[in-house]
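Take a look at the structure below.
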Amino acid sequence: MSADKGKSPVLVMVEDLRVWFPAGKGPSTGRRGFIKAVDGITFSVHRGETLGLVGESGCGKTTTARAILKLLDPTEGRIRFDGVDLSTVSRRELRLIRRRMQPVFQDPFSSLNPKRTVERIVAEPLVIHRQGTTAERKARVSELLDTVGLPPDAAGRYPHAFSGGQRQRIAIARAMALQPDLIIADEPVSALDVSIRAQILNLLSDLQDQFHLTYLVIAHDLALVRQVTDRVGVMYLGKLVELRPTEDLYRAPLHPYTVALLSSAPIPDTQAEATRQRIVLEGDVPSPADPPTGCRFHTRCWLRQKLGDPDICSAEAPALAPVQDRGASGVVACHFPEAVEDSHERRETLVALTGSRASSPSEGTTP
Amino acid sequence: MTVGRLRRLEEAIVPTRLGTTLESLRPRTFLETYGLVVILMIVAAVAAAPLVAPDPLAQDLTSALAGPSGEHWLGTDNLGRDLWSRILYGGRVSLVIGVFVLLTAGAVGVLYGAVSGYAGGMVDAVMMRIVDIFLSFPSIMLALLISAALGPTVRNVIIAISAAWWPVYARLVRGQVIVVKEREFVTASRALGAGPIRNLFRTVLPNSFGVMKTIFVLDVGYAILAGSTLGFLGLGVSPPTPEWGYMIREALQYPTHWWFILSPGLALLLFVSAINFAGGIVTRSVYEVPGR
């Protein structure tokens, strides 16, 4: 799919994944409906890379992560982990796979059992998977605590004695205990203080270098995603709308939704922040129980309005198509990517993001 | 204020479980201290009964219904049996009933409720309707019926009261389990590879006991009361085994001999109220100590 990471083998393959939750009866139809949290997404995670999934809350990114962890069963579609189809694995095989795929959750205040000491929390995966003797586990725990930068005496304490950042370190130590191939991190730093986030991200990237980990990182913060990922998938209403190498996505977004997201990301330059033109999406995200026909984004798309409401947007769902012919890599699902490329909205957004307002007279005199 | 907060924080990171527990279990108000002391005294007296009291079954009709004296500290009953002795031995019966009802009803109720809440769906619905059937009887009625059917022994009284009580625990535990099983560390444990049994018993249940602890302690008192109620109604432990409820029933026939009804009545009141007062300690320890 992507050019540079195409060489390394695929670790996780998600094919046409759908996760629908049964919902109550619709008020008008009276029929039992479904919340289509994830509605047909396809992507792969390559060994050694960090793939980011971004989107607004409710777009299905967490559901996707949970489906890969097999905490939920897909309604349709297939997830393969290292070639093994997760929908047909036996309990025994699933145990073996779970050893190789460990989660880090968003909120370290709720993801650690408050009644266990740190030692028992970190050792839990070892106990579940019957690894080592008690003494070996103890040694492994202190090794892990050291790896994630916690003092050795942390082992005997309970989670409530730690700060958010330290707790997330504990969660990371737990995820590392079995030396997994893949770590799925669902918003790993969004519950933490801003000052702590960089530390945790650095820790994650150090661990990746040291232990050849593969990451799937779920986030809504675009700046963070840019910092840590190799490729980024943008999700909207249960669909993947764009999946590109990180720098390509940030330098040359090809989906109107991606452009809108980038345009709403805060930028450090206060003057530019004050004068920039944001793309304001109208209305709310439609309900995933009754998604719009055609392109899911068409009801809020700024580009569609500009192009004079082409019928195709509401009639036909755009497929994820490669963007190689535009001299870029990755895939995008839009009927008019070239119109995105030519739009002044995109230009404005990118200029604001990079901070180099070439045409601005104030450039160079900014204090 | 600040110093107090700091001290609390230090306590919060006390690494040993036992240390934290003991600290939190220290009585802090007068009533808690009183309750704890009374309980300890009663338990000690009841345990030492053979050493400090005569045979509770020895009849002496010549000194029947005698008032308190140097020989019979609390007087005697209608058959001339020593009331002090019968109170102490009766306390043994009450204590055994209280503790074993809690263990039996607790074990059954916790297991049932935990499975029901964790399984969810249809299993839960069916299991809870069965609980509803049990709860639709007044519990004392149910206990009476079962006790009458099984016969009047200590063991059967325990079974009868437990049968009437376990549904309350089942419901409580189920509610807690449903809340706790949605918490993220349970999901985390599942994602780490823990199976349902390990997850329920090692992760969910230990975090579902907070409210239960409080109720358990208070319920020891109510179980003793329930045992006495059965005795009072004539369907409890059979005579001549001394039992407070049955003693009160007998004493009702002799309203002019005040010491006869006063002793078991007061014993019951003292014991049950002391348990209630001391129950506050457990309640506090559950809600105050972080991580408990």
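One residue alone among B:Leu205, B:Leu233, B:Leu172 is within 14 Å of another protein chain (Cβ to nearest Cβ) and touching a residue at least 60 places away in the same chain (Cβ under 8 Å), and that residue is B:Leu205.
One residue stands out among those in the range B:22-60 that are at pLDDT 80 or above and of a type in the set (Val, Ile, Thr): the one that is farthest from the chain's Cα centre (by Cα), which is B:Thr29. Only residues that are of a type in the set (Ser, Thr, Tyr) and either buried (at least 20 other Cβ atoms within 10 Å of the Cβ) or closer than 15 Å to B:Leu192 by Cβ (or both) were counted in the range A:154-205, giving 1. Looking only at the range B:76-130, residues that are in contact with an Asp or Glu (Cβ under 6 Å, 6 or more places away or on another chain) and surrounded by fewer than 18 Cβ atoms within 10 Å (Cβ to Cβ) come to 1 in all.
The rows are residues; the columns are (1) surrounded by fewer than 18 Cβ atoms within 10 Å (Cβ to Cβ); (2) in a strand (DSSP E or B); (3) within 14 Å of another protein chain (Cβ to nearest Cβ).
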{"residue": "A:Lys36", "(1), (2), (3)": "no, yes, no"}
{"residue": "A:Gly40", "(1), (2), (3)": "yes, yes, no"}
{"residue": "A:Gly52", "(1), (2), (3)": "no, yes, no"}
{"residue": "A:Cys59", "(1), (2), (3)": "no, no, no"}
{"residue": "A:Leu71", "(1), (2), (3)": "yes, no, yes"}
{"residue": "A:Pro74", "(1), (2), (3)": "no, no, no"}
{"residue": "A:Arg80", "(1), (2), (3)": "yes, yes, no"}
{"residue": "A:Thr88", "(1), (2), (3)": "yes, no, no"}
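Residue selection: A:Leu224 satisfies the criterion of being modelled with pLDDT under 90 and not basic (Lys, Arg).
Evaluated against (1) part of a loop (DSSP other than H, G, I, E, B); (2) surrounded by fewer than 23 Cβ atoms within 10 Å (Cβ to Cβ); (3) more than 14 Å from chain A (Cβ to nearest Cβ); (4) at pLDDT below 80, B:Thr241 falls short on exactly one condition, (4).
Among residues of the range A:95-111 being part of a helix (DSSP H, G or I) and at the interface with another protein chain (Cβ under 8 Å from one of its Cβ atoms), the one that is surrounded by the most Cβ atoms within 10 Å (Cβ to Cβ) is A:Arg98. Just one of the listed residues (B:Ile281, B:Ile275, B:Ile197) is within 14 Å of chain A (Cβ to nearest Cβ) and either surrounded by fewer than 17 Cβ atoms within 10 Å (Cβ to Cβ) or part of a helix (DSSP H, G or I) (or both), and it is B:Ile197. One residue alone among B:Leu252, B:Leu262, B:Leu218, B:Leu269 is more than 14 Å from chain A (Cβ to nearest Cβ), surrounded by fewer than 19 Cβ atoms within 10 Å (Cβ to Cβ) and at pLDDT 90 or above, and that residue is B:Leu269.
In the range A:152-186, what count of residues is obtained for those that are more than 26 Å from the chain's Cα centre (by Cα) and away from chain B (no Cβ under 12 Å)? So the answer is 1.
Table: residues versus (1) free of Cβ contacts under 8 Å to residues at least 60 places away in the same chain; (2) crowded, with 23+ Cβ neighbours inside 10 Å.
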residue	(1), (2)
A:Leu207	no, no
A:Leu216	no, yes
A:Ala219	no, yes
A:Arg226	yes, no
A:Tyr236	no, yes
A:Asp248	no, no
A:Pro256	no, yes
A:Ala274	yes, no
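Against the definition (more than 14 Å from every other protein chain (Cβ to nearest Cβ) and either closer than 21 Å to B:Gly113 by Cα or not hydroxyl-bearing (Ser, Thr, Tyr) (or both)), how does B:Leu192 come out, yes or no? Considered against the rule, which asks whether it is more than 14 Å from every other protein chain (Cβ to nearest Cβ) and either closer than 21 Å to B:Gly113 by Cα or not hydroxyl-bearing (Ser, Thr, Tyr) (or both), B:Leu192 comes out as no.
Only residues that are touching a helix residue (DSSP H, G or I) at 6+ places or on another chain (Cβ under 8 Å) and surrounded by fewer than 15 Cβ atoms within 10 Å (Cβ to Cβ) were counted in the range A:287-298, giving 1.
All of B:Gly80, B:Gly90, B:Gly98 fail the test of being under 19 Å from B:Trp258 (Cβ atoms), assigned to a helix (DSSP H, G or I) and at pLDDT below 90, apart from B:Gly90.
Here B:Met127 meets each of (1) within 14 Å of chain A (Cβ to nearest Cβ); (2) over 30 Å from B:Glu243 (Cβ atoms); (3) part of a helix (DSSP H, G or I) with one exception, condition (1). For the range B:144-158, the candidate set comprises residues that are of a type in the set (Val, Ile, Thr) and in contact (Cβ under 8 Å) with a residue 24 or more places away in the chain; within that set, the residue that is surrounded by the fewest Cβ atoms within 10 Å (Cβ to Cβ) is B:Thr153. Within the range A:308-325, the set of residues being farther than 12 Å from A:Leu254 by Cβ and among the hydrophobic types (A, V, I, L, M, F, W, C) comprises A:Ile312, A:Cys313, A:Ala315, A:Ala317, A:Ala319.
Within the range A:127-143, the residues that satisfy the criterion of being more than 10 Å from chain B (Cβ to nearest Cβ) and not hydroxyl-bearing (Ser, Thr, Tyr) are A:Arg130, A:Gln131, A:Gly132, A:Ala135, A:Glu136, A:Arg137, A:Lys138, A:Ala139, A:Arg140, A:Val141, A:Glu143. Residue-level analysis places B:Gly234 among those that are out of contact with any strand residue (DSSP E or B) (no Cβ under 8 Å at 6 or more places or on another chain) and on the phi > 0 side of the Ramachandran plot. Scanning the range A:112-142 for residues that are in contact with a Phe, Trp or Tyr (Cβ under 9 Å, 6 or more places away or on another chain) and in a helix (DSSP H, G or I) yields A:Val118, A:Ile121. Among the residues of the range B:61-70, how many are assigned to a loop (DSSP other than H, G, I, E, B) and either modelled with pLDDT of 75 or more or under 12 Å from B:His257 (Cβ atoms) (or both)? Selection size over the range B:61-70: 6.
The values are calculated or read from the model by the stated rules, or taken from the named source; none is laboratory data. Please read all numbers here as calculations on a predicted model, not as lab measurements. In this analysis, Cβ positions are derived from the backbone assuming ideal geometry, glycine residues included, and neighbour counts consider all displayed protein chains.
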